[in-house]
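**Student:** First the structure, then my questions, so here it is.
The values are calculated or read from the model by the stated rules, or taken from the named source; none is laboratory data. Because the structure is a prediction, the values reported are computed rather than measured. Glycine gets a Cβ as well: all are built from the backbone with ideal geometry, and neighbour counts include every protein chain shown. The area values use the complete protein model at the heavy-atom level, side chains included, leaving out ligands, DNA and RNA. Shrake-Rupley method; radii C 1.70, N 1.55, O 1.52, S 1.80 Å.
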Amino acid sequence: MKQITDSKQLQDVLGKLKRRRKTIGFVPTMGALHEGHLSLVRKSRKQNDITVVSIFVNPTQFGPKEDFKKYPRPLRKDSVLLKKAEVNFIFTPTPEGMYPEGLEKKGLSPAMKAALSLTKNLCGKFRPGHFEGVMIVVEKLFRIVQPSRAYFGAKDYQQAAVIQKMNEGLPFKIKIYVEPTIREKDGLAMSSRNQYLSPEERKRALAVSQTLFEVRRKILAGEKNLKKPISEAHRKLALSVDSVQYLEIVDPETLKPLSKVQKKMVVLTACYVGKTRLIDNVIIRTS
Ligand code: AMP
């Protein structure tokens, strides 16, 4: 496994491999790796000759009051995990390398603009500018790596939807895979931010996934009115967590709120447990 910080160097090495017709799989991350990230790596290893993992805590996707500075950066530990997982390249760019033009977000490309309609509700409502930052960095990473395939987690459902939409308008012909959420044994969705939780908060955080599973159970049991299970679940969740930003059932593609049951739906939530913001979602298939 080779660690590369310079994007030009990565492009040169990958260029040579592409000329030898090697397929490249790409897993973008912010590090502090866990089984969720490693599941994406394994999928990429299975489907491609070469796997590239980027580790970059992207400043433009954090709000001014968010956890950019304290976000965990255990690069040594991450490298050991990725080496064990037989990754070929870790790309660890610097903020200056990724943003030579500075951190101000200006001039979204047409591909990004096409995805903006998916950024207005859910997390987008509570994290203004977040998805613009995500699109900007992912477009830059796609441009540098130009993989055959790229892998994202369903854990960040809205992010995956936004990236898929943006990718349709990009010229790179990358196939995007969205892989299932990996959970702890008790159901908590794995996240780099879970390590912020105190033991007491960790117990309360369990309510997040349990609430989503409960909503799914009720709908699969025949509940037709989507408002009822949501308002009940919202009330119950608020007893365990410190605040609920949203709990919604939406269409899996448009991300628009649903009032009627349909074949495929997704129920998503974001809430705070202590100072930690947690998100999770579950797909509901009624047929
Ligand atoms: P992050 O490092 O949090 O930016 O995540 C990098 C990638 O890993 C994103 O595509 C995430 O959706 C994905 N990911 C994060 N947590 C999980 C999880 N629990 N299961 C599956 N994928 C995940």
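**Student:** Mind checking whether some residue in region 178-200 is open to solvent by 60 Å² or more (accessible area, probe 1.4 Å) and either in contact with a Lys or Arg (Cβ under 6 Å, 6 or more places away or on another chain) or away from the ligand (no atom under 14 Å from the Cβ) (or both)?
**Tutor:** The answer is yes; a qualifying residue exists.
**Student:** Restricting to region 148-169, and then to whatever is away from the ligand (no atom under 14 Å from the Cβ) and touching a residue at least 60 places away in the same chain (Cβ under 8 Å), can you tell me which residue is surrounded by the fewest Cβ atoms within 10 Å (Cβ to Cβ)?
**Tutor:** Filtering region 148-169 for residues that are away from the ligand (no atom under 14 Å from the Cβ) and touching a residue at least 60 places away in the same chain (Cβ under 8 Å), the one surrounded by the fewest Cβ atoms within 10 Å (Cβ to Cβ) comes out as G169.
**Student:** Going by the conditions given, is Q3 more than 28 Å from L188 (Cα to Cα), away from the ligand (no atom under 15 Å from the Cβ), in a strand (DSSP E or B) and of a type in the set (S, T, N, Q)?
**Tutor:** Answer is yes for this residue.
**Student:** Among the residues in region 112-131, are any more than 16 Å from the chain's Cα centre (by Cα), loosely packed, with under 15 Cβ neighbours inside 10 Å and within 19 Å of N48 (Cβ to Cβ)?
**Tutor:** Within region 112-131, not a single residue is more than 16 Å from the chain's Cα centre (by Cα), loosely packed, with under 15 Cβ neighbours inside 10 Å and within 19 Å of N48 (Cβ to Cβ).
**Student:** Report whether or not Y71 is surrounded by 14 or more Cβ atoms within 10 Å (Cβ to Cβ) and under 30 Å from K16 (Cβ atoms).
**Tutor:** Here the answer is no, as Y71 does not meet what is asked.
**Student:** For region 90-104, state whether one or more residues are surrounded by 14 or more Cβ atoms within 10 Å (Cβ to Cβ), more than 16 Å from the ligand (Cβ to nearest atom) and over 30 Å from Q195 (Cα atoms).
**Tutor:** no
**Student:** A further question follows. Output the number of residues of region 175-191 satisfying the condition of being farther than 19 Å from L33 by Cβ and either in contact (Cβ under 8 Å) with a residue 60 or more places away in the chain or within 14 Å of the chain's Cα centre (by Cα) (or both).
**Tutor:** Count: 1.
**Student:** Is it the case, given these coordinates, that Y71 is under 24 Å from L14 (Cα atoms) and touching a Lys or Arg at 6+ places or on another chain (Cβ under 9 Å)?
**Tutor:** It is false that Y71 is under 24 Å from L14 (Cα atoms) and touching a Lys or Arg at 6+ places or on another chain (Cβ under 9 Å).
**Student:** Oh, and also: Count, please, the residues in region 135-147 that happen to be outside any helix (DSSP H, G or I) and open to solvent by 20 Å² or more (accessible area, probe 1.4 Å).
**Tutor:** First, the residues of region 135-147 that are outside any helix (DSSP H, G or I): 146-147.
In the following step, the residues that additionally are open to solvent by 20 Å² or more (accessible area, probe 1.4 Å) were identified as 146.
Here the count works out to 1.
**Student:** Another question, if that's okay. Looking at region 7-22, is at least one residue of a type outside the set (A, V, I, L, M), within 16 Å of the ligand (Cβ to nearest atom) and either open to solvent by 40 Å² or more (accessible area, probe 1.4 Å) or in contact with a Pro (Cβ under 8 Å, 6 or more places away or on another chain) (or both)?
**Tutor:** For region 7-22, residues of a type outside the set (A, V, I, L, M), within 16 Å of the ligand (Cβ to nearest atom) and either open to solvent by 40 Å² or more (accessible area, probe 1.4 Å) or in contact with a Pro (Cβ under 8 Å, 6 or more places away or on another chain) (or both): absent.
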